[in-house]
Amino acid sequence: MENIDYPQYGFTRDALLKKIASQMSQKRFTHVLGVEKAALTLAKKNNCDLTKASLAALTHDYAKERSDADFLAMIDKKKLDPDLKNWNNNIWHGMVGQYFVAEELGIEDPEILKAIAVHTTGDQKMSTLAKILYVADYIEENRHFPGVEKARQVAAENLDAAVAFETQHTLLYLMENKKSIYPLALATYNAYVAKP
Ligand code: GDP
Ligand code: FE
Ligand code: FE
């Protein structure tokens, strides 16, 4: 939103938006702005810091258009779990993408970086900020898929219920399409969806 700026981070909103836009297609940048709008609405309702919600949303897909080689090099550089190399951009752009956000945008707030890390898979324990980013990414106004209206309704009611709804539907989609499930996504399912 126009009235949010980031003096404590040493950059203006304009400068940040330019850097982010330079890293992605127009379509993805529009998605990013939609995620910010949804995240701010959720942040107001759920008593979350608006500046952090804005920054997490604007930067969550920052690394999504990087090459596989860039991600593999970062996994080595940061000595991350070598199993990550068995996955692909879908998992890397958040889990590994957080390090590009830190290095290149100078955002070092651990809560923001963690929210970016788990924005695709969720996690068994998520901060309010991480839940907001996870849900905002799914329901933002440019998303069009069967079930998105219901997801928006649930999100307007209850943030944890929206995490559960999204997780159940994402896992159903992955299984229907015989996609491999990242273990953290299963942990999210067990924590937010499953009943013993
Ligand atoms: P986007 O970056 O805004 O497109 O959205 P996300 O970061 O939430 O998701 C990126 C992609 O990862 C989507 O196509 C998801 O379906 C996919 N995805 C989410 N969880 C998993 C998982 O556990 N395994 C795999 N293989 N893909 C996943
Ligand atoms: Fe993403
Ligand atoms: Fe996204």
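A straight chain from GLU65 to LEU80 at 0.36 nm per residue would run longer than the Cα-Cα distance by 3.4 nm. Over every Cα atom in the range 134-196, the radius of gyration and the widest Cα-Cα span, Dmax, amount to 11.7, 36 Å. Here the extension length gained between VAL193 and LYS18 equals 59.2 nm, from 0.36 nm per residue of separation less the Cα-Cα distance.
For LYS37, a cut-off of 18 angstrom between C-alpha atoms picks up these aspartates and glutamates, skipping any fewer than 8 places away in its own chain: GLU2, ASP5, ASP14, ASP49, ASP61, ASP137, GLU140, GLU141, GLU149, GLU157. Stokes-Einstein diffusion for the range 26-123, with the hydrodynamic radius set to the Kirkwood value over Cα pairs and evaluated at 37 °C in a medium of 0.692 mPa s, equals 238 µm²/s. In loop segments of the range 57-154 as defined by DSSP, the chymotrypsin sites (Phe, Trp or Tyr not before Pro) with at most 16 further C-beta atoms inside 10 Å of their C-beta are TRP87. Of the residues VAL32, PHE100, THR121, the one whose Cα sits farthest towards the positive end of the charge dipole of the chain is THR121 (charges of +1 on Lys and Arg Cβ, -1 on Asp and Glu Cβ, taken about the Cα centre).
Qualifying GluC sites (Glu not before Pro) in the range 58-109, where qualification requires a DSSP coil assignment and no more than 15 other C-beta atoms within 10 Å, comprise GLU65, GLU108.
Tell me whether the chain comes out rounded, prolate or oblate; compute the Cα gyration tensor, take square roots of the eigenvalues as a ≥ b ≥ c, and use a/c under 1.5 as the rounded threshold. Taking the square roots of the gyration eigenvalues as a ≥ b ≥ c, the chain is oblate. Of the trypsin sites (Lys or Arg not before Pro) in the range 135-196, the ones in a loop by DSSP (not H, G, I, E or B) with at most 10 other beta carbons within 10 Å are LYS178.
Computed from the coordinates by the stated procedures, all read-outs in this text should not be read as laboratory data. All figures in this text were calculated on a predicted structure; none of them were measured in a lab. Counting neighbours? That spans all protein chains shown, and the Cβs are built from the backbone with ideal geometry, glycine included.
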